[in-house]
Amino acid sequence: MKKNYIIKHNIQGRLRIKITLKKLEADWFKNFETKLSTLSGIYFVRSNFACQSVVITYDKQVLLAQQLLDFLDATIKPKTLLIPSMREACSSCKTCNISADENLVRPALIRFSILSAVTGTVFVRNTLMGLAVSQAFFSPLGLITTAFSLPLIYQGYKSFKKKKFGLDAFLGTGCIVSAVTGQALTALEILWINAGADLLQAWITERSRKSIANILNQTTHHTFKLVEGVEVEVKTDDLKKGDIVVLHTGEKVCIDGEIIDGNALLDESPITGRTDYIPKTIGDKVLAGTFIRHGVIYVCADKVGDETYLSRILCLVEDNLKNKAPIEQLADKLAKNLVRLGLIATGATFILTQSLWRAFTVMLVMACPCATVLAASTAVSAGMNAAAKKKILIKGGKYLETVGSADCVCFDKTGTLTTTEPELVDIKLLKNDGTYYHLSEESQSLSFEQGLLQIIYSAETHNHHPLAVAMNKRAKENNIIPIAHTCCEYFLGMGVSATILGNEIIIGNAKIMEQHAIDITAQEVSDYEQKVKDSGQTMLFVAKDKELIALLTFDNIIRPEAKEVVQMLKNSGLKNIYLITGDEYYSAQKLCDTLGIKTFYSSVMPEDKGNIVKELQEKHSSVIMIGDGINDAMALAHANIGIAMGDGGSEVAVEAADITLVDDKLDGIVYVHALSKQTVKVVYQNFWIATGSNIAGLFLAAFGILSPVTAGLLHIAHTVGVLANSTRLVYYEHKNDNNKLTK
């Protein structure tokens, strides 16, 4: 049987499909979501009409993957999914997916504005003008409050049908009872507070989405497509399969495809973790996420569109905006318990006091646990917004909560604790005669090493290879002035040959030395080369007039903040810090000695990184994994919290991670760890504010001290208190011991 969809991603508990049916409308997807949501075991469904794709998250303990696929086969048919009516279509922002074009604030603002206008009118007439306002059920005020209460009851009814006990029905019923008993003003106050709380929550969520969108926009880029022999700049999102993409030095590969012309050196460290560059030519495959370090290639695009970085991450962000943190679920449970307590307290008050007035006031106090519901959700949303402002992308509230409770952190090496930029760390001179290192009379004043740097700089002046850049940088730091070369030839993947003042200079790896018949077999050279390999570093040879004169050693630069970040994590309680790397033992040991990391795993294959994380999870309660490459994806996925380096990191690593450091600054780890703790602290403060004031109001109402109107004012006070306390997190600044990082 022909399938009407294509499986794009299929991992345990999560499935993404692309619908292949033609001429589908947005309502088709809405109806499909509704049908799929009725299946037992489905957590949520999110469709993307623009991409014609659907993401399904399900409980793998309840629903087997094959059962889900069978359901899709039977359901995705043009004739079985008719366009739903307006009554059937889901319109609530609490149950539908959040699309990129949907504005969460607008409906909440309209509702709040109308209720504010009514409240303002009542205040002017009653307080300023001294005119009585009728609060009877059939008065204008009574009818307005009833009209705004009915949607809440309807929401509660829908929750009840799903066997969920919601707060909306209780809140709406309380408001209607208030109107029926001639307390429409009290009902208006409760509705106004509820609308204001919904508006603020929508504003915080929308602000978080916009902050995230700004981050994602910074990662998008244009590329060049070959059109009738001319390079035309286009957006990567506009590329199609079969397009010829032209990629230049320094650019990031944005598609998967095959080289049809040209050659280049590619940095594949995001995929393999290796720091050396791979020569690619006609017929070779290139993958999105790698970098062109030198050369120009023409690539026939194979995978484009919604498989690009921006589309995949944006879909993940939208999916995870609904991921509630455990502490948010605790808030919902607490609010429901308060509602039950309110029902019991209302009945008990009436029985003990025989006062309908007091019982009614108690019911009004407990009928609107808005502050308790908002205690966690507003704090988590504000925390995610604060992180987004620091260019830290958190894919769900549960990850923000969990990262602060971790007791173990694992680092990858290349691209994480070190940059992907090489540095010239050692020069070994093989000759003791200055004639080997001084090319002119003017250079006689230079030391042997400075003379060698002048030779290198003169040969590599126009080379943009990362190793050449590192050599030239070292020469500039020594104020070396290059000498013009008369001719120069680059050998892709091997090195460079140049003629300077009649001297033939060759700089490169063993292959170019062998090609030019230069002897590199001396024992001194072999021993040094072996030492460099054992350290996981890179070595180049320098020859002058067919004779080897120097050896150069390169290593990746340790991030300047790395040592301080490791120490700060230890100070914050993360005592168990590990290094997991594919590099050699000596290279890993050297880095750990420098940064103060006691335990490391070296020469680890990508598939073994995930197994190591699993082993550490048996020893520790919660493990954080930090990496940047595809070789880290397995470990990032297995860890309790995966943190990816977003700027130079691979798309797969970013997708597998729960948190992304968009600008690659390690101090973001310290910030998000501290932010997590502060967010949990604020949530519990909110619990005390909301629950404490509710219980206090209950007793005051039971003893007749509170009237129905003052009960409404109590709701205003504690709801505003909770929202104000949560809003502080939007501007959270972490001050560490040295007061240098994440300020």
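Data for the structure
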quantity	calculated
At R0 = 30 Å, FRET efficiency that the Cβ-Cβ distance of residue 476 and residue 530 yields, to 0.05	0.45
Segment 495-653, dipole about Cα centre (Lys/Arg Cβ +1, Asp/Glu Cβ -1), debye to the nearest 20	580
Cα-projected label distance for residue 344 with residue 545, points at 7 Å along beta-carbon direction, nm	9.9
Cross-link table 252/390; 428/511; 619/677; 252/431; 235/473, entries beyond 31 Å C-alpha to C-alpha	252/431; 235/473
Residue 75 paired with residue 3, simple spin-label distance in nm, labels 7 Å along Cα-to-beta-carbon	1.5
Potential lengthening between residue 598 and residue 235 on full extension [0.36 nm per residue; Cα-Cα distance subtracted]	126.1 nm
Solvent-accessible area of residue 665 with every protein chain in place, 1.4 Å probe, in Å² to the nearest 10	110
Pairwise FRET efficiency - residue 65 versus residue 717, Cβ, R0 = 56 Å, nearest 0.05	0.65
Rounded accessible area of residue 449 (nearest 10 Å², 1.4 Å probe)	70
Extension reserve of the residue 608-residue 281 stretch, reckoned as 0.36 nm per residue once the Cα distance is removed	114.6 nm
Pairwise FRET efficiency - residue 733 versus residue 620, Cβ, R0 = 30 Å, nearest 0.05	0.55
Debye, to nearest 20: dipole size of segment 555-603, +1 on Lys, Arg Cβ, -1 on Asp, Glu Cβ	260
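The values are calculated or read from the model by the stated rules, or taken from the named source; none is laboratory data. Bear in mind the structure is a predicted one, so any value in this text is a computation, not a measurement. Here Cβ is always computed from backbone atoms with ideal geometry, including for glycine, and neighbour counts include all displayed protein chains. Keep in mind that these areas ignore ligands, DNA and RNA; they rest on the heavy atoms of the full protein, side chains included. Shrake-Rupley method; radii C 1.70, N 1.55, O 1.52, S 1.80 Å.
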